[in-house]
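The values are calculated or read from the model by the stated rules, or taken from the named source; none is laboratory data. Keep in mind that what you see is a predicted model, and the values were worked out from it rather than measured. Virtual Cβ from ideal backbone geometry, glycine too; neighbours counted across all protein chains shown. Areas reflect the complete protein model, heavy atoms only, side chains present, ligands, DNA and RNA absent. Shrake-Rupley method; radii C 1.70, N 1.55, O 1.52, S 1.80 Å.
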Amino acid sequence: MKNKFAEQLNGLRIEHNLTRNKLAEMLNVSIRLISYWENGQRECDFDMLIKIADLFSVSIDYLLGRTDY
């Protein structure tokens with residue numbers, strides 16, 4: 001079962017028409033790491049969570065599935 005962060009990240013990436021490759025470039029991480037996050041195989045650190053929230057203009061609570069936006 002996917003975790004909420006994995007679902008939110010995947011949904012935001014698709015909603016913004018970004019490929020995993022493009023998102024990886026924007027976050028300065030590997031495509032494989034994006035894939036791990038989206039499949040719930042790894043979690044990102046707090047600093048990266050902030051960076052992702054800022055990139056998509058959402059709250060950290062939204063990324064973690066605690067709020068609806």
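Anything in the range 27-50 that is of a type outside the set (Lys, Arg) and loosely packed, with under 15 Cβ neighbours inside 10 Å? List them, or say none.
Asn28, Ser30, Ile31, Ser35, Asn39, Gln41, Glu43, Asp45, Phe46, Asp47, Ile50
How many residues are in a helix (DSSP H, G or I) and open to solvent by 90 Å² or more (accessible area, probe 1.4 Å) when one looks only at the range 9-21?
Total meeting the criteria: 2.
Restricted to the range 51-67, and to residues that are hydroxyl-bearing (Ser, Thr, Tyr) and either assigned to a helix (DSSP H, G or I) or open to solvent by less than 60 Å² (accessible area, probe 1.4 Å) (or both), which residue is farthest from Val29 (Cα to Cα)?
Of everything passing the filter in the range 51-67, Thr67 is farthest from Val29 (Cα to Cα).
What are the residue pairs meeting all of these: first residue in the range 13-36, first residue under 18 Å from Asp54 (Cα atoms), second residue among the hydroxyl-bearing types (Ser, Thr, Tyr) and open to solvent by 40 Å² or more (accessible area, probe 1.4 Å), Cβ atoms under 9 Å, and 6 or more apart or on different chains?
Once the first residue is under 18 Å from Asp54 (Cα atoms) and sits in the range 13-36, its partners that are among the hydroxyl-bearing types (Ser, Thr, Tyr) and open to solvent by 40 Å² or more (accessible area, probe 1.4 Å) give Arg13/Thr19; Ala24/Ser30.
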